[in-house]
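Below are the structure tokens for one structure; questions will follow.
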Amino acid sequence: MKNTAVVAGIAAAFLVLAPGVALASTSPSASPTPGTTAKPAAPKLTIAPGHGVPGTEVRLTVGCEGEAYVTSRAVDAFADADPKGSVRAYTGVVRDVRAGEYPVNLRCHPRDGRPDTFVDVPFVVDRVTTKSPAGKQVTKVPAGAPQTGGTDGPADDSGAPLAAAAAMGVLALGGSGLVLARRARRR
Amino acid sequence: MTTKITSRRGYLIALVVALLAALVVLALTLGGEAEPPAAQPPPAQPVAVNPAGEQPADAVAALPKSDPVSIDIPKIGAHSSLVPLGVNADDTIQVPPVTTPLQAGWYTYAPTPGEVGPAVVLGHVDGNHQKGIFYRLKELAAGDRVSIARADGTTALFEVTKVHQVPKQEFEKEGVYDDTAGPELRLITCGGVFDRSAHNYVDNIVVYARLVRS
């Protein structure tokens, strides 16, 4: 009777404990623990300075749970060697793209199966305002002033009125001459 | 007999009057030699249509290098292909042949239109007894548009920012060829009074423009 009670107790204990042992052994690789089912923290991305011409070096600071992926058409970003916790620093270089506003995208990928999180931060690529590397933009500055006019005088419309006035003068004087001539003939 | 003499005198008088009239015409025609007539109203000082001449914030990005092929200025009816221009032996800037005054040209030692810097296009005000391609250049004002077609198939559209009339003796001080922050354009021709003794105009007209679209 005693033996039966002991065996029954062990069997009962096994039935109660066995499922718990089985669950503990599978939990790390399969379903998340109750603590990790929470939504990942919002990713953070800051860029300093927030604008620059192509070739400018910028610093990116990333706050991310899990793996961080920084992508942008405007900025080439390289992670620094020693990340500290969930905050990582990146060094970026502004690409040779047209001036304008471009998004810099951060994607955080938690390793525990929770969904990825994203954030976009705008970055402004400035117009190139520096001088050309070769020096002056006009490589050979001409001497003096351009001679962009005819050498025969203006070809404007003033000649026509002058000719008309002259013709009228001729007619008037000629008419006067004829009148005088007729008068002289009558005498 | 007396009548014939009187008649001859009358014709003689008419002849003299006609000769006098011809002399008057001649004097009127050549009168400009002594005192040069004003071809264009000469302002006392260079006129700045947009004195500030500041670069607007909405300026667009520069274009890559590409030779210009033609220019179009609708407001003044100026349309021309563009020939390359360099410098003469005395280091003055070359201009298109004065015998073809409707031909414009671009200065090859300056940035091409659309690149960062001052692209330079030149044209005659007149020549060969006819009006030139830039005869009406002085009529441009701030806000007017100038388009330049480029060899790469793009068209650079510029907006006039200011128009200056500069005495040729002070042209080098004007800073026409100075570096600029963005893509700009200079249109240059002659203007002001025509000096008949020097066979030349005393001023230049310089139009400043900036790239607004490509």
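The values are calculated or read from the model by the stated rules, or taken from the named source; none is laboratory data. Nothing here was measured: the structure is a model prediction, and the numbers come from that model. Here the Cβ positions follow ideal geometry from the backbone for every residue, glycine too, while neighbour counts run over all protein chains shown. For the accessible areas, the whole protein counts, side chains as well, though only heavy atoms, and no ligand, DNA or RNA atoms are used. Shrake-Rupley method; radii C 1.70, N 1.55, O 1.52, S 1.80 Å.
How many residues are open to solvent by 50 Å² or more (accessible area, probe 1.4 Å) and either under 12 Å from B:LEU82 (Cβ atoms) or in a strand (DSSP E or B) (or both) when one looks only at segment B:118-157?
Residues meeting the conditions: 5.
Quick one: B:PHE194 ticks every box in (1) within 24 Å of B:VAL83 (Cα to Cα); (2) touching a residue at least 60 places away in the same chain (Cβ under 8 Å); (3) aromatic (Phe, Trp, Tyr) except a single one, so which number is it?
Going through (1) within 24 Å of B:VAL83 (Cα to Cα); (2) touching a residue at least 60 places away in the same chain (Cβ under 8 Å); (3) aromatic (Phe, Trp, Tyr) one by one, B:PHE194 breaks only (1).
Open to solvent by less than 10 Å² (accessible area, probe 1.4 Å), of a type in the set (S, T, N, Q), more than 15 Å from B:VAL116 (Cα to Cα) and modelled with pLDDT of 95 or more - does that describe any residue in segment B:197-206?
Yes, there is a match, as at least one residue in segment B:197-206 is open to solvent by less than 10 Å² (accessible area, probe 1.4 Å), of a type in the set (S, T, N, Q), more than 15 Å from B:VAL116 (Cα to Cα) and modelled with pLDDT of 95 or more.
Check segment B:162-178 and report whether any residue there is touching a Ser or Thr at 6+ places or on another chain (Cβ under 9 Å) and at pLDDT 95 or above.
No.
Something else about it: So, in segment B:68-90, how many residues would count as being touching a Pro at 6+ places or on another chain (Cβ under 6 Å) and not aliphatic (A, V, I, L, M)?
So the count comes out to 1.
Would you mind telling me which numbered condition in (1) assigned to a strand (DSSP E or B); (2) exposed (fewer than 15 other Cβ atoms within 10 Å of the Cβ) B:PRO64 fails?
Condition (1) is where B:PRO64 drops out.
Report whether or not A:ASP156 is open to solvent by 50 Å² or more (accessible area, probe 1.4 Å), acidic (Asp, Glu) and either modelled with pLDDT of 95 or more or in a loop (DSSP other than H, G, I, E, B) (or both).
Considered against the rule, which asks whether it is open to solvent by 50 Å² or more (accessible area, probe 1.4 Å), acidic (Asp, Glu) and either modelled with pLDDT of 95 or more or in a loop (DSSP other than H, G, I, E, B) (or both), A:ASP156 comes out as no.
Still on this structure, please answer the following. Considering only segment A:67-104, state which residues are at pLDDT 85 or above and under 20 Å from A:LYS39 (Cα atoms).
Once the filter is applied, which keeps residues that are at pLDDT 85 or above and under 20 Å from A:LYS39 (Cα atoms), segment A:67-104 yields A:GLU67, A:ALA68, A:TYR69.
Now, a different point. Looking at segment B:118-140, which of its residues are charged (D, E, K, R) and either more than 8 Å from chain A (Cβ to nearest Cβ) or touching a strand residue (DSSP E or B) at 6+ places or on another chain (Cβ under 6 Å) (or both)?
Answer for segment B:118-140, where residues must be charged (D, E, K, R) and either more than 8 Å from chain A (Cβ to nearest Cβ) or touching a strand residue (DSSP E or B) at 6+ places or on another chain (Cβ under 6 Å) (or both): B:ARG136, B:LYS138, B:GLU139.
Residue by residue through segment B:66-93, note down the ones that are among the hydrophobic types (A, V, I, L, M, F, W, C), free of Cβ contacts under 8 Å to residues at least 60 places away in the same chain and out of contact with any Asp or Glu (no Cβ under 8 Å at 6 or more places or on another chain).
Result: B:VAL83, B:LEU85, B:VAL87, B:ALA89, B:ILE93.
So, in segment B:94-117, how many residues would count as being free of Cβ contacts under 8 Å to residues at least 40 places away in the same chain, open to solvent by less than 10 Å² (accessible area, probe 1.4 Å) and either assigned to a strand (DSSP E or B) or more than 12 Å from chain A (Cβ to nearest Cβ) (or both)?
Qualifying residue count, segment B:94-117: 3.
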